[in-house]
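In what follows, a structure is listed as structure tokens, so that the remarks can point back to it.
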Ligand SMILES: Cc1ncc(COP(=O)(O)O)c(C=O)c1O
């Protein structure tokens, strides 16, 4: 039906209706995407785009994956929604699989990354409340962090442009410099409820936390009874070539938040908690009507199994390394830095990147920025080296066109 609707309308009419009827809080590209297969998307005019965005690090298996279509077709014959007043088997199966793979204790399901972090914030507060630690009012985050846009986690996303129009936000949030071990020693004390960190910052520009930094953070949180939250909404679930991004540091969080690729495009988030946090959560502390429905959890279970296959993770590591090397071979005086891990890479320039992203559209390439001067590469995890070659050759052309 949706396809029929857009087929029957002129693209310009759709864009005009979009500006008229949708709230204008996104800067959307000037075309309408209609279908896709594998790494490629097609707009209403039939133009093809090679996708290095994956719906912002969501579509791990690209588009129209036959296995997932079969799974969702089967699941659609069952119960779509029953609420959390009742048990459903796919939700329990997914929870068990996530816990077995992560070594955490229990999971709370929700519908997005922001909600997964909201739950983490509440659960950390609940631990302090249960322990009568009223002095623990501070939350620590890091410069360039992005934890979401809902009110609680917006307070943990220290960017003036996002926060200023909505002040006052949650009080007593301290922002520390990323990868600065001395700052950790100075700030982490018994007045802190929780520390939130993305082991690899996504929106903030693909900044990788050093392993010793995460290890020190873990030690200090242990010493001072602080809940450590790893936000792996963007970097988790195989994106870096390991199922969980923090594996490289050899430390575990008290709370781990996941979302984007977990439903391969269906909305689902998950807040995984260790035993200390799990025992503090009681009936009525939190909830969500839609969360963990059997349709989405059936798909997520399948996604999780496929993402955890050792050969799949190896594919991400190998193609990720290839992507990094190809980006490093770009020649332009405007390149400032190239960095990344797995299929989560960044190209930092000394100029604004949005004009390049827009010119990429003309060449049939989808890219996304992460800050004013950084292009982020988070393709579907099924990307092959031939796609990377194609993307890099377009990018080199775009860089050559810069003054
Ligand atoms: C690290 C991180 N946390 C949280 C979020 C918020 O997720 P959502 O947009 O699903 O609410 C994002 C989204 O980009 C993210 O990258």
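Coordinate-derived values only; no laboratory data. Because the structure is predicted, anything quoted here is derived from the model rather than measured. So basically every Cβ, Gly included, is an ideal-geometry build from the backbone, and we count neighbours across all protein chains shown.
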Plugging the Kirkwood radius over Cα pairs into Stokes-Einstein for the stretch 83-130, at a temperature of 4 °C and a viscosity of 1.567 mPa s, what D comes out in µm²/s?
106
Could you list 268, 394 in order of exposure, starting from the residue whose Cβ has the fewest other Cβ atoms within 10 Å?
394, 268
Beta bridge orientation in the chain: antiparallel %, DSSP, nearest 5
65
Restricting attention to the alpha-carbon atoms of the stretch 278-354, what are Rg (one decimal) and Dmax (integer), both in Å?
20.3, 58
Highest GNM mean-square fluctuation among 44, 139, 298, for the chain with Cα springs under 10 Å, belongs to 44
Residue among 321, 74, 354 with the largest mean-square fluctuation in a Gaussian network model of the chain, springs linking Cα atoms under 10 Å:
74
Pick from 187, 27, 116: which is most flexible by mean-square fluctuation in a GNM of the chain where alpha carbon atoms under 10 Å apart are linked?
27
Neighbour-count order for 232, 302, 160, fewest beta carbons within 10 angstrom listed first
160, 302, 232
Ranked list, fewest to most other Cβ atoms within 10 Å of each Cβ, for 92, 99:
92, 99
Project the alpha carbons of the stretch 1-95 onto their principal axes and report the range along each, largest first, in whole Å.
46, 29, 25
Looks like the stretch 137-240, by Cα gyration tensor root eigenvalues a ≥ b ≥ c and the a/c under 1.5 rounded cutoff (else prolate when a/b is bigger than b/c, oblate otherwise), is oblate
Give me the tail of P(r) for the chain as a percent: Cα-Cα pairs with distance above 29 Å.
46
Kirkwood Rh (inverse of mean 1/r, distinct Cα pairs), the stretch 69-307, angstrom:
18.1
